[in-house]
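For reference, the structure discussed in these notes is given below.
The values are calculated or read from the model by the stated rules, or taken from the named source; none is laboratory data. What you see is a predicted model; the values in this text were computed from it and never measured. All Cβ positions, glycine included, derive from the backbone under ideal geometry; neighbour counts span all protein chains shown. Note: areas computed on protein heavy atoms with side chains; ligands, DNA, RNA excluded. Shrake-Rupley method; radii C 1.70, N 1.55, O 1.52, S 1.80 Å.
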Amino acid sequence: MAATTASSLQTFDIIILGATGFTGKHVLKQALKFFNNNKNNNLNFNSIAIAGRNQSKLTQTLNWATRPDPPPSIPILIADTTDPTSLRSLCLKTRLILNCVGPFRRHGEPVVAACVETGCDYLDITGESEFMDRVEIGYHEKSVKNGSLIVSACGFDSVPAEIGLLFHLKQWVGGCLPYRVEAFLSAESEKKMVGNFGTFESAVLAVADLKEMRLRRDAQVIKRAKPVIPGPIPKGKIIEHQKKIGLWGITLPSADATLVGKTFSTLTENPNGLQGLDESPETVEKRKVFWSSVKPVHFGVKLGSKSLLGIFGYITFGIILGLFGSTSFGRWLLLKYPSIFSLGGFSKNGPSEEEVESASFKMWFVGHGFSDESLAAKENSKPDTEIITRITGPEMGYVTTPIIMIQCALIILSQRNNLPKGGVYTPGIVFGPTDLQERLEQNGISFDVISKSKLSS
């Protein structure tokens, strides 16, 4: 029998919680694939366990993740997000929890609470802004004290945006000063891609959270330093056409821009980045050099389409989500009939393996700025320089997200002394100075400079 029962004294490097979920099983598959092929990371199969509510389903997931090969002997642990004792027991057995149990609005906080209480590190793949705000407010101070590093959004939300933007900003050299960067996200597939129900459910619940989030931010419950960005606040367009990349774009209300803003705020308070637990002098100097070349910018994200018709489709879906998601009965209808109300974009069955394999993404970063800092200081001056960079990679939710999460986990396990002792932070401020970009490039996600050019007056 492949599964083993973990003793209460056994410890692990990683426990994947929620491994039976649609994304969780792909995280497990990526973890096994990576660990199986790399003998230099000081990890082995005994350092990993999987956890969830149902042992039978966990065993089936393990078989699925390793087929056609027989599954390795990985411990299966039983835990439930409604049972704090089981979560605490889980955290005491491991260095790091990878949380794949969503929606995080409903199931995430108890896991964070258990990690913070026990001093266990925590990563998740959420893109739910309300949940992340709640965690920061409720657990940051205690996590710093207990040495628990809490980093949400370690999947497609929001590492490509954060690390991709940092890569982009590194291209502004020789006295050039970036001012505004707009990201355009384009999903591509040879087959019609159907989204997973869990993603749709999180989006529906996010609409219900909008009022609470606005009230919290209006009340300034979270005090943040404001980064200094030269020039006036740009007037963003809701719909924009970028001829150079061949895309129309509509503003995407995602967590990406919010998290980038948090990273810049933390950087404003800590210009050299966050101090590591026990850094070497060389690592400290490397961190300082990295952040010294990062200048805050106005940042936004747009959902891209090659046609204006595609943009109108996104608008229609957004209107449906906004109208129905604002009432409890409307949310019930949305969640009862996801395929109908999402115009076929989501289903309870999720995408097929063939659809996942045929999909990919491109994220373009179109940056405008000044060729000289003195030009930026002049009144009514306009940006005269444009830099375009791009990230490309496989399917976003079930291929790229697991790759990102596992690489973030490996960095925590292998470079823990270089990371903050504890606290609730964004992926950008934690992983920016590390080798995360290089690791992603080694695993099928590319970072490219497309063009550098002067803008006409």
Original post:
Of all residues in segment 280-315, which are modelled with pLDDT under 95, of a type in the set (A, V, I, L, M, F, W, C) and open to solvent by less than 20 Å² (accessible area, probe 1.4 Å)?
Top reply: I311
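Just to be sure I understand, how many residues within segment 97-132 are under 25 Å from T400 (Cβ atoms) and either among the hydrophobic types (A, V, I, L, M, F, W, C) or in a helix (DSSP H, G or I) (or both)? Full working, then the answer.
Taking segment 97-132 first, the residues under 25 Å from T400 (Cβ atoms) are 97-108, 111-112, 115, 121-132.
Next, only the ones that are either among the hydrophobic types (A, V, I, L, M, F, W, C) or in a helix (DSSP H, G or I) (or both) stay: 97-98, 100-101, 104-108, 111-112, 115, 123, 125, 129-132.
Looking only at that region, the number is 18.
Of all residues in segment 72-85, count the ones that are assigned to a helix (DSSP H, G or I) and either closer than 25 Å to S202 by Cα or modelled with pLDDT under 95 (or both).
To start, the set of residues in segment 72-85 that are assigned to a helix (DSSP H, G or I) comprises 84-85.
Applying the additional criterion that residues be either closer than 25 Å to S202 by Cα or modelled with pLDDT under 95 (or both) yields 84.
Residues meeting the conditions: 1.
Tell me, yes or no, whether segment 230-240 has at least one residue that is under 23 Å from L308 (Cβ atoms), at pLDDT 90 or above and surrounded by fewer than 19 Cβ atoms within 10 Å (Cβ to Cβ). Show your work before the answer.
Applying the first criterion (under 23 Å from L308 (Cβ atoms)) to segment 230-240 yields 234-240.
Keeping just the survivors that are at pLDDT 90 or above gives 239-240.
Imposing the further condition that a residue be surrounded by fewer than 19 Cβ atoms within 10 Å (Cβ to Cβ) reduces the set to 239-240.
Yes, some residue in segment 230-240 is under 23 Å from L308 (Cβ atoms), at pLDDT 90 or above and surrounded by fewer than 19 Cβ atoms within 10 Å (Cβ to Cβ).
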Original post:
Is segment 335-350 home to any residue that is of a type in the set (A, V, I, L, M), without any contact (Cβ under 8 Å) to a residue 60 or more places away in the chain and open to solvent by less than 50 Å² (accessible area, probe 1.4 Å)?
Top reply: no
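Return the residues of segment 411-433 that are closer than 24 Å to K33 by Cβ and touching a Leu at 6+ places or on another chain (Cβ under 8 Å); say none if nothing qualifies. Explain how you work it out, then say what you get.
Step one: of segment 411-433, the residues closer than 24 Å to K33 by Cβ are 411-416, 427, 431.
Selection gives I411, I412, L413, R416, P427.
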Original post:
Within segment 41-52, which residues are of a type outside the set (F, W, Y) and either open to solvent by less than 70 Å² (accessible area, probe 1.4 Å) or modelled with pLDDT of 95 or more (or both)?
Top reply: N41, L43, S47, I48, A49, I50, A51, G52
Subject >> Residues satisfying the stated conditions in segment 357-414, i.e. over 30 Å from V228 (Cβ atoms) and in contact with a His (Cβ under 8 Å, 6 or more places away or on another chain) >> reply: Y398, V399, T401, P402
Original post:
Name the residues in segment 1-40 that are open to solvent by 20 Å² or more (accessible area, probe 1.4 Å), modelled with pLDDT of 50 or more, in contact with a helix residue (DSSP H, G or I) (Cβ under 7 Å, 6 or more places away or on another chain) and not aromatic (F, W, Y), would you?
Top reply: D13, T20, G21, T23, K25, H26, K29, Q30
Subject >> Sole exception among (1) in a strand (DSSP E or B); (2) open to solvent by 30 Å² or more (accessible area, probe 1.4 Å); (3) closer than 28 Å to G318 by Cα; (4) not β-branched (V, I, T) for M363, by number >> reply: (2)
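Test of understanding: among P394, P402, which residue is without any contact (Cβ under 8 Å) to a residue 60 or more places away in the chain and in contact with a Ser or Thr (Cβ under 8 Å, 6 or more places away or on another chain)? Quick ask: steps written out before the conclusion?
Details: P402 fails: without any contact (Cβ under 8 Å) to a residue 60 or more places away in the chain.
The match here is P394.
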**OP:** Give the residue that is nearest to H168 (Cα to Cα), with candidates limited to residues of segment 436-457 that are free of Cβ contacts under 8 Å to residues at least 60 places away in the same chain and not in a loop (DSSP other than H, G, I, E, B).
**Re:** D448
**OP:** Please enumerate the residues belonging to segment 433-456 that are open to solvent by less than 10 Å² (accessible area, probe 1.4 Å) and either within 20 Å of S292 (Cβ to Cβ) or at pLDDT below 95 (or both).
**Re:** L436
Original post:
If you scan segment 78-117, which residues turn out to be open to solvent by 10 Å² or more (accessible area, probe 1.4 Å) and β-branched (V, I, T)?
Top reply: I78, T81, T82, T85, T94, V101
